[in-house]
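Just so you know, all these numbers are worked out from the coordinates, no wet-lab data involved. Computed from a predicted structure; not experimentally measured. FYI the Cβ positions are ideal-geometry reconstructions off the backbone, even for glycines, and counts take in every protein chain you see.
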Amino acid sequence: MRERYGTTILDTAIRLLVPFYLLYAVYVLVHGHYSPGGGFQAGVTLAASILLVNMVQGDEVTWGVNKQTAVILASIGTFIYAGIGILALFWGGNFLDYGVLPLGEIEPKVRALGTLGIETGVTLGVMGTFIVIFNLLTGREE
Amino acid sequence: MLTAVAGYINFWLIAILLLVGVYGIIATENLLKKLMALNVISVAIILFYLNLGQKAGSTVPILLPGAEVGVVNAYANPLPHTLMLTAIVVGVATTGVGLAMLYKIYHRYGSLEEPDVLKEMRQ
Amino acid sequence: MTAHLPALIVISPLAIALLLPVLVRLSAELVRVVAITSALISFTSSIGALKYALAKGNWHYFFGGWPAPWGIEYVIDPLAGGMAVLVSFFSLLVIIYAGPYLVNKPAREKGYFYTLYLLLTAGLLGIVVTGDVFNLYVFLEISSLAAYALIASGGHRATVAAFRYLLIGTAAASFYLLGIGYLYAITGSLNMADLSELLPPLMDSRAVVIAVALIVIGLGIKMALFPLHGWLPDAYSYAPAPVIGFIAAVMAKVSAYALYRVLYFVLKATGPVSLALDVMGWMAAAGILFGSIMAILQRDFWRMLAYSSVAQMCYIALGISLANTMGLFGALLHILNHAVTKGCLFLVAGSVNWQTGVREIHRFVKMSRRMPLTMGAFIIAALSMIGLPPTAGFFSKWYLVLGAIQSGAWAFVIVLALSSLLTAVYFFRIIEHAYFKEPLKGKDGQRHATEPAKEGWELYPTMLVPILILGIGILALGILSEQVITHLLQFALPWRAF
Amino acid sequence: MKKVALILLLLLAGLFIYTSFDLPPTNDLNSPPAAHVSPRYIEMAHEETGAVNMVTAVLADYRGYDTLGETTVIFTAGISCLLILEARRKQKRNKRGGR
Amino acid sequence: MIVDFFLTNRPLWAVLISLVAAGLILLSDRRPNLRETITMLAAVGKFVIVLTMLPDVLAGQVVESAPLKLAPGISLHLRADALGLLFALLSSGLWVVTSVYSIGYMRSMKYGHETGYYASFAVCLSAAVGIALAANLLTFFVFYEILTIATYPLVVHARTPEAVSGGRKYLVYTLTAGQLLLIAVVWAQVVAPGAEFRPGGFLAGRITPPALDIMFILFILGLGVKAAIMPLHDWLPTAMVAPTPVSALLHAVAVVKAGAFGFLRITGYVFGPELLKETNLGSLLAWIAALTIIVASLRALAEDNLKRRLAYSTVGQLSYVVLGAALITPMSLVGGMFHIVAHAFMKITLFFCAGAIYVTTHKENVSEMDGIGRQMPLTMGAFTLGSLGIVGMPFVVGFVSKWNLGLGALQAGHPIFVAVLVASALLSTGYFFPIVYKAYFGQTRETYSRHEAKPSLLYPLVLTALVSLVLGIMPNFGLSFYQLAKMAAKSIIASGMVLAGGGQ
């Protein structure tokens, strides 16, 4: 068991900061179409906020995202990406051709939605992986 | 003369950075430092690509609100940026795997100096 | 779905690999079945794609529906299709072989193993079928990362080997990336077909010189071309058997293929490429001798095979460097033949080690009694490595010698002949031990091999059958080498062969 | 060894500088990378993919397959770390059990 | 339809039958009777298949099997012409005899691992017939190398350290030679695509002297090891550690004969008389052969071990064939070709005798053989007959070939080689006479009773001895070997004439 870093200052700072981190991550993900950002950045930010809480408040505070769950998240996230690509095959498009997905919009918008879908997958995948790697490297048992 | 050089000086600096990285891999005996040198190489290459994407007087490749679509020279080339996002991620992933291996090596051999590790390993 | 075969080749192992860490929670056996299924899908897709390419010409598949220089395309020509069939065939074979090998591992580890194995497969296949130089880099990295980890899973020595491989391999990939960066800088394109059209007027640019040098060094490291082979012996001799069976069989070959693809199809083997090819030829000739001599000096069977791989990869490089029809036939045929042969040898080595714990050559005494079928396959493979008819290895050597004589490179002819003899020295040493040496009683270490096997006589069928398939395949490839050339390889040349 | 490497690398640096003059100069508006392929991204990205951010358009759509590969690389790294370090944990536990 | 398919592809079946047999033998591991039955069936079957081709070939036809493509422009092509059939008939015929002998010999020796032995033997025979019937250089080379490898397990069969080191030596020599031959074969393929054997040669006009000389030397080195030409012969006496039937195979039936046969193919069917005469390469080879004849005979005098003495005798006798090939006149070719047959019957008799003596009395040195003729009169009778043949005594088969060779040397305008032949005859008298003398008149303290080898050893050697006597009197008896040799020689010389005529 590692020593807790928890001091009043750190705890308070985390309480104040982490919600903004999370919000910012979601913003980066959703707003990737309009400004710098996207799945990777969002995923890393999410992972960072979870790891921050984890580091400061102790091993048991992981918000349910321990190493094993993180693997599953990573695998599901990345699969969402590939899965959306495969979905396009069923509507007659090529792999990753989001334009053909039946979302009832004109093509550029459908493509934008598809992009959002895969970015979400990337976010989950990157988040999961970073949590896994970080936990492994810091030697934390689940 | 100066203007002639100005267009290329970035490449020279990048080449030097790259060779610093290569030298680091060859010359240091600490495995962790070698891994860091590897990252220097990857940074040099990223800079090389980004340099290719630059255009005089251009801005970030995000469509300006209300701007006319299709003024090619108003925006930087987005392709190198995309490629380098990928390259950065690849670099990070490789570093992660490398660190994991180093972790294991350090636990087993108690050292990250290459000669020590090899000596121990060949026994 | 048949319209998407080129994508399925890669997508099937890739997407399913992503699911395996979830599936392993349900059952480890399920993971194995699913993994084998995905390898099978990949294999059948590549056969379908190859058939299409042979019947109707190159098959361009555009990802996301974007046309070529803007999006990423897969191009299945007979060369890519043939390589894809080879890689996916090996993937399927070795994944079946791996079953018993993993039997005592915990379920989770099995799951990770199969995941990485499929990712390795997907990465190699992606390199083979892609028509985009940057996409090639991405898949090169997927396959390399998976390979580093799989090698490292063989224990602490393997981890050191894998880390050194990681350092040099990543540097190699970086060189390759910088090389295509130079090409991108002077053409503005990343698509292979597009590049090959844009480059000819630019061939005397100094940037091409650097690009060629970087690409040859980068991919040369990946294919373990002498003197850039440093990572190979350790990595090959400490990795777990099924991993090395797959990696040794196809991974270096895929890099050789990539080199061939870039030098001949993108750069058209003109300008600075011919100089690079000359250098490569001499390096390869030196490497053949070096690898063979080092192999003779080894006492560990695995390490011997590893050095033999160094030599044999140089055969391929030699053929590529000859730049005439026969030389290229030799190189391409040797890619195929050496994959089958070395795959067979490493599977045999792994099986022997798994069954009896024997790695050193002097402990092979009487192995023929314990594992007659396995050693039978070994003999065929050894003869093929030496290059004796009618095994596959002879015919690739035949074309290499033919090509060398045609271009008047007598030094290479002598090197090829000499290397056969050196190869014979180290393989017959094992045959002697396994068949004709009587065990010296009472000496430690040699008693071990003569003890009756605890788990019975031969191997599990799932391990034995892949070995036998490869053994028979070596003979079949030898006798049918003309078929392979007229029906496949002659379309895989950068020019018309006949 | 180090000195040899240093001299070799200095030579290489010379080579890089020598060849750099055949590369398009920085900020060149007519360089091949600016003139080939990429204009379409700048001109058509919004129309074709609905993304204002051209990098996102190229990343997630035009060259979306690369990005899938990239995500897979990350995923591979994660699983690799697991395979490398989990096995270590298990070994350690075994050793402890052995004592 | 099926019959036609069978008939047209007879050369292929002749090669395949023993390969299939080898597979079956390996499968019938640990069932001695089954595997020996298979061996006998395959031997007889092979001989019959080869025999059916004889009438066609004697009628001037060529039996060709459908080519199986091995590489673009070159195929696995089997064709029974006169010279090829001569060798094929000989080797498949002698396999039957050797098989009977092997069964007897191996059962007496009790090595305990005969499955590999019989399988390798069968593969060897496939390779020998493949060499005989090969229609182009690639096919020839493929079977030549198969023969090399298949012989190796036979040489090391005893699995003693000497056997293993003998096998090593054998491999070093033959594999090196194989690589040199490979270069020569590929080179010929580059110069003349297809490299199809043609009576009178196919290289004329396609390659000029400096390169031609090197190529010829490569061929000499490549084939010379198996044919045991003098500096390259050293593996052969060492390989005598093998069981006697193997020695018989090595010397009489397949291995060294394949080398000698190769020389006939190379001079007669690749280079051709004209080219060899122009460049004097023929004389070079002839001098090498002559030297080998003399030196090997001298070496044989010094050997005490019977099998090693026979081995050196083989080294000398094989060079007769090479000499015939090198002189390349009508008579010398007939002599050389017929000497393949003659030497086969004589030497196999001698080896069978040596084996029979060893199995029965466990004696293998000449110095121990005092009085053995009184113990084993039939065996020693056969031995005497064989050695008389080697010496060149009229009415034994060796005389026919030597007479022709002598005439050939005169035809070629090199009477010096006649002197070589005579000297060699004297020398071989020198190394055989003591054995025969000792066997019959040697003083020994042992009491000897009449005690022959067992029938499966005795009958084969009596048979081969009788055949060498009969062929000495009627060279065309039975299988028309002499006729075949004459046909082959005529085709080589005749086409040479045509070529020369066309050139003028």
>> Can you sort E:GLU64, C:GLU141, E:GLU162, C:GLU432 from fewest to most other Cβ atoms within 10 Å of each residue's own Cβ?
In response: E:GLU162, E:GLU64, C:GLU432, C:GLU141
> Considering the alpha-carbon set of the protein assembly as shown alone, what are its Rg and its Dmax in angstrom?
Replying inline: 36.3, 125
> Taking +1 at the Cβ of each Lys and Arg and -1 at the Cβ of each Asp and Glu, which of E:SER401, C:HIS334, B:TRP12 sits farthest along the dipole of the protein assembly as shown towards its positive end, judged by Cα position relative to the Cα centre?
Replying inline: E:SER401
> If you wrap a convex hull around the C-alpha atoms of region C:2-94 and split its volume per residue, what is the figure in Å³?
Replying inline: 97
>> Given a Förster distance of 45 Å, report the FRET efficiency between A:ARG15 and A:PHE90 from their Cβ-Cβ distance, rounded to the nearest 0.05.
In response: 0.45
> Given +1 on the Cβ of Lys and Arg, -1 on the Cβ of Asp and Glu, and no further charges, what dipole in debye does chain A carry about its Cα centre, rounded to the nearest 20?
Replying inline: 120
> Of C:LYS397/E:LYS486; A:LYS67/C:LYS342; C:LYS222/C:LYS437; C:LYS110/C:LYS253; E:LYS226/E:LYS490; C:LYS56/C:LYS253, which sit over 30 Å apart, Cα to Cα?
Replying inline: C:LYS397/E:LYS486; A:LYS67/C:LYS342; C:LYS222/C:LYS437
>> Taking the number of other C-beta atoms within 10 Å as the exposure measure, put E:MET393, E:MET346, E:MET474 in order starting with the fewest.
In response: E:MET474, E:MET393, E:MET346
> Along the positive direction of the dipole of chain E (beta-carbon charges: Lys, Arg +1; Asp, Glu -1; about the Cα centre), which of E:PRO32, E:VAL63, E:THR349 reaches farthest?
Replying inline: E:PRO32
> Taking Cα atoms, how many degrees apart are the long axis of helix B:9-27 and the longest axis of chain B, rounded to 10 and kept between 0 and 90?
Replying inline: 10
>> Would any residue of region E:1-40 have its amide N under 13 Å from a label point 7 Å out along Cα→Cβ of E:THR115? List them or say none.
In response: E:23-36
> Excluding D:GLU70 itself, what net charge comes from residues whose Cβ is under 15 Å from its Cβ, given Lys and Arg +1 and Asp and Glu -1?
Replying inline: -4
> Applying 1/(1 + (r/R0)^6) with R0 = 30 Å to the Cβ-Cβ distance of C:LEU275 and D:ALA5, what FRET efficiency is obtained, to the nearest 0.05?
Replying inline: 0.80
>> For the pair E:LYS363/E:ASP304, report the inter-label distance in nm, with labels modelled 7 Å from Cα in the Cβ direction.
In response: 1.4
>> Counting only other residues whose beta carbon sits under 15 Å from that of E:VAL57, what net charge do I get with K and R as +1, D and E as -1?
In response: +1
>> Using the basic label-point model (7 angstrom from Cα toward the beta carbon), what is the E:GLN443 to E:LEU291 distance in nanometres?
In response: 4.4
> Hey, with R₀ at 41 Å, roughly what FRET efficiency would C:ALA3 and C:TRP282 work out to, going by the Cβ-Cβ distance, to 0.05?
Replying inline: 0.30
> How would you rank E:PHE219, E:PHE395, E:PHE121, going from fewest to most other Cβ atoms within 10 Å of each one's own Cβ?
Replying inline: E:PHE395, E:PHE219, E:PHE121
> Tilt of helix E:209-224 relative to the longest C-alpha principal axis of chain E, in degrees (0 to 90, nearest 10)?
Replying inline: 20
> In nm, to one decimal, how far is the E:MET474 label point from the A:THR69 one, both placed 7 Å along Cα→Cβ?
Replying inline: 10.2
> Going by the alpha-carbon gyration tensor, a ≥ b ≥ c the square roots of its eigenvalues, is chain B rounded (a/c under 1.5) or, if a/c is not under 1.5, prolate (a/b greater than b/c) versus oblate?
Replying inline: oblate
> Does chain D come out rounded, prolate or oblate by the C-alpha gyration tensor, with a ≥ b ≥ c the root eigenvalues, rounded set by a/c under 1.5 and, if not, prolate when a/b is larger than b/c and oblate if not?
Replying inline: oblate
